[in-house]
Structure formats: structure tokens, C-alpha cells
Amino acid sequence: DLRDPPNNWDHNYGRTLSLERALAMSNNVVTRRVYDRVPFYKLLEYLEKAGFDTDEYRRAGVLDANNNSLGARHATPLEVAAAYNIFNRRNTAGEFTGDFVRPTIIDRIRFNGEIITHTREPVHVFRPETVEAVRASLIRTANRVVGGNYEAEIFLKTGTSDNTVNAWVAGGLRLGDVNYAMAFLVLDEDGRSM
């Protein structure tokens, strides 16, 4: 019952799915339904807090619902990896914070025995329970893509453009006490389908 609905990658429709399962399965119709219920200004607010440039979203406007809901706007792999790090950040008690910290290349300088540290203030984006719910879905995706027999806790989201001109894998992992975030983009520079 959506006007101009997106396609699901498996062309399967009419299922009843939880949001967790829909995200894990990359169900575009459910994603679009969620988008239709979230005010556009709220989407922009979340994207900005997560470090994304929202100019393209603003230019496209609320009516470009499929592209907006499916994230089909410009983002660099660094921006995507930094945003996925939100689902890794924990406080000293080990609880998720839901905070975004802008990445930097240099975070400290040692000069004449003195250490000058560049501090970045975290921006609160999601409640801890939201982070846990999204992570559960992304872990489900990772288990489907790479399996679950790893020492690290891995969470991933995959995505492709129409005609598979480009493909993304983004997410993170926790190995011991160290968290990593990552984003990979594969594309054909001539714009041909892979």
C-alpha cells in the first residue's frame, strides 16, 4: 500500500517481520514504512548527530522517500565507519552510550616529554537500548554473511545500489577490549553493473 514502493532484494513481499529481522534481511519495504512514520526533520537531526552532511537530503526533500529511507545519498566510507562506531561505544561500566565521536587522524602529540591530547566531545545520538536492538540485528546479518564462529563480536550491514553499480559492507567488531568500525565500498568506476 506504499506509493512508489522500493523493491526487496529477494522480491518477497507481504511478510510480517519484526524491525530487527527486517533490518537483518535488508527488507527495503519495511525500511520505507519506518521512514514514512519518522518526521523528515528528525531524520536530518539523527544524520547530522551521526556526522553526515545532510545537504543532499535537504535538496531532495521529503518526497524522495525511497532514496532517503535507503540511504542512497552521498557518504564517504570514513563517514559511514564513524557512524557505525556509535554501535561500539561503551562507558567505563561496559554499557552502550549511543554516542558519536568525530574521527581524527592525530589525537595526541608528544613534544619535549609533554603530551598534548586532542579531545573530541561525544554527541549523543541513540539511547543505549536502541544501540542494543540495532546491534542484535546487525550481528544477525554478520552471522549470515561471515558466520558466527569468531572470537570477535562482529556486526555488519550490507547494501547495494540499483543494478549493483556499487556495494557496501559497513559495521564493526569488538575483539577483547578493543572496538573497530569499518566501511568498505566496492564499485565499478565506469558505472557498470558488477
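The values are calculated or read from the model by the stated rules, or taken from the named source; none is laboratory data. Here the structure is a predicted model, which means the values were calculated and not measured. Cβ atoms come from the backbone with ideal geometry, glycine included; neighbour counts cover every protein chain shown. These area figures cover heavy atoms from the full protein model, side chains too; ligands, DNA and RNA do not enter into them. Shrake-Rupley method; radii C 1.70, N 1.55, O 1.52, S 1.80 Å.
Looking only at segment 79-87, decide whether some residue is open to solvent by 30 Å² or more (accessible area, probe 1.4 Å), of a type outside the set (Phe, Trp, Tyr) and at pLDDT 90 or above. The answer is yes; a qualifying residue exists.
For Phe184, the conditions (1) within 22 Å of Glu48 (Cα to Cα); (2) assigned to a loop (DSSP other than H, G, I, E, B); (3) open to solvent by 90 Å² or more (accessible area, probe 1.4 Å) are fulfilled apart from (2).
Answer with yes or no whether Ser137 is assigned to a helix (DSSP H, G or I) and either touching a helix residue (DSSP H, G or I) at 6+ places or on another chain (Cβ under 9 Å) or at pLDDT 85 or above (or both).
The answer is yes for Ser137.
Across segment 142-158, which residue is nearest to the chain's Cα centre (by Cα) among those that are at pLDDT 85 or above and within 15 Å of Met182 (Cα to Cα)? Among residues in segment 142-158 that are at pLDDT 85 or above and within 15 Å of Met182 (Cα to Cα), the one nearest to the chain's Cα centre (by Cα) is Lys157.
If you check Val62 against the conditions, is it of a type in the set (A, V, I, L, M), closer than 26 Å to Asn8 by Cβ and at pLDDT 90 or above? So Val62 does not fit the description; no. Would you check if Arg144 is within 18 Å of Leu47 (Cα to Cα), open to solvent by 60 Å² or more (accessible area, probe 1.4 Å) and of a type outside the set (Asp, Glu)? So Arg144 fails the test.
Exactly one residue among Thr97, Thr76 is touching a helix residue (DSSP H, G or I) at 6+ places or on another chain (Cβ under 8 Å) and hydroxyl-bearing (Ser, Thr, Tyr), and that residue is Thr97. Once segment 113-131 is narrowed to residues that are surrounded by 14 or more Cβ atoms within 10 Å (Cβ to Cβ) and touching a helix residue (DSSP H, G or I) at 6+ places or on another chain (Cβ under 9 Å), the residue that is nearest to Leu47 (Cα to Cα) is Val125.
For (1) touching a Ser or Thr at 6+ places or on another chain (Cβ under 7 Å); (2) without any contact (Cβ under 8 Å) to a residue 24 or more places away in the chain; (3) surrounded by 16 or more Cβ atoms within 10 Å (Cβ to Cβ), each residue gets a yes or a no:
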| position | (1), (2), (3) |
| --- | --- |
| Asp4 | no, no, no |
| Thr16 | no, yes, no |
| Leu19 | no, no, no |
| Leu23 | yes, no, yes |
| Arg32 | yes, no, yes |
| Val38 | no, yes, no |
| Gly51 | no, no, yes |
| Ala60 | no, yes, no |
| Asn68 | no, no, yes |
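Can you work out which of the residues in segment 4-49 that are part of a helix (DSSP H, G or I) and of a type in the set (S, T, N, Q) is farthest from the chain's Cα centre (by Cα)? So, considering only residues that are part of a helix (DSSP H, G or I) and of a type in the set (S, T, N, Q), the one farthest from the chain's Cα centre (by Cα) is Asn28. Might you check whether a residue that is in a helix (DSSP H, G or I), under 30 Å from Asn7 (Cβ atoms) and open to solvent by less than 30 Å² (accessible area, probe 1.4 Å) occurs anywhere in segment 160-172? No, because not a single residue in segment 160-172 is in a helix (DSSP H, G or I), under 30 Å from Asn7 (Cβ atoms) and open to solvent by less than 30 Å² (accessible area, probe 1.4 Å). Here Arg110 passes the criteria (1) open to solvent by 50 Å² or more (accessible area, probe 1.4 Å); (2) part of a helix (DSSP H, G or I) except the one numbered (2).
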